[in-house]
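Just so you know, all these numbers are worked out from the coordinates, no wet-lab data involved. The structure displayed is predicted, hence computed values, not measured ones. Cβ coordinates were reconstructed from backbone atoms using ideal geometry, including for glycine residues, and neighbour counts include every protein chain displayed.
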Amino acid sequence: MTFTNTPVTRLVVLGLVSASIGASLLDMKHYTYILISPHLVLFAAMSLYNLRTVERMWGSRKYASFLVVTSLITSIVPPALMVVLRPLAPSLFNYMPAGLTPVIFAVLAQFHAMVPHMYKYRIATSSAPPTTEPFTGLTLSDKSYQYALALHLSLLQWPGSLVGAAAGWVVGQAWRGGLLPAALVTWRLPGWMVGVKTQRSGAEFEQLRRRLEGENATATGAGAAGVSTGVDAGGSGGGEQQRQQQQQDGDRRRTMGQQIVDQFREAL
């Protein structure tokens, strides 16, 4: 129950809380479209914290890219919906609160589809067994309280927050269903922005490891040749076989994909 392996979630939660405290201390609430209250920030931070499993399953780079893309889309879609709904009730659909509610519901859509429930339980309103009456009640799971937190967040500034939550859920489902442009779905932030090492560093490390293994094999072969002084040609042939065996052992430790890449690198 920590932020282990979730640096993006930790950054977003701490940034949300810090921005709320800073706006209160610096008397900057009137510059925002939303009333920054501890109650609202608390539920937003709790929702993000509970959804950190998505980052662990996706990885920080994909998760951060998803947050950036959904933030851009949800900054356009909910206001457009409010413009469409405003003629129905001008007094209700005339205010679009700011905040991370649409983004949180986009992440919640991924959480709903990816993370299975661990157990279910029932809240019964019928008589306790043994009884002949059919069961009446509500069946819940270990994920229900996370949905309840998100639902409460969507109702804090109704109806604008509810429209934003619905738009975020639709955007999240569109992302998962492949309805968004492929360029948005496959786009990724640079790895260095989330602390991910590039593949080039891994390739350089692999080359260094192979070179060290080759030097060790050469030194071992030279030492064996020095010790076997006065031995006939059959002994030197045995040393050659030993070096070949060591090289084969080094190749065996590498994966098939690495060996294929090395073959292409040597050909070029």
Notebook entry, point to check: What is the packing order of peptides 102-110, 3-11, 208-216, 164-172, taking the mean over residues of other C-beta atoms within 10 Å and listing the highest first?
Noted result: 102-110, 164-172, 3-11, 208-216
Next item on the list: Compute the length gained on full extension between Val83 and Leu208: take 0.36 nm times their separation in residues and subtract their Cα-Cα distance, giving the result in nm to one decimal.
Entry: 39.0 nm
Item checked: Mean-position separation - Cα centroids, segment 132-160 and segment 76-105, in angstrom -> 23
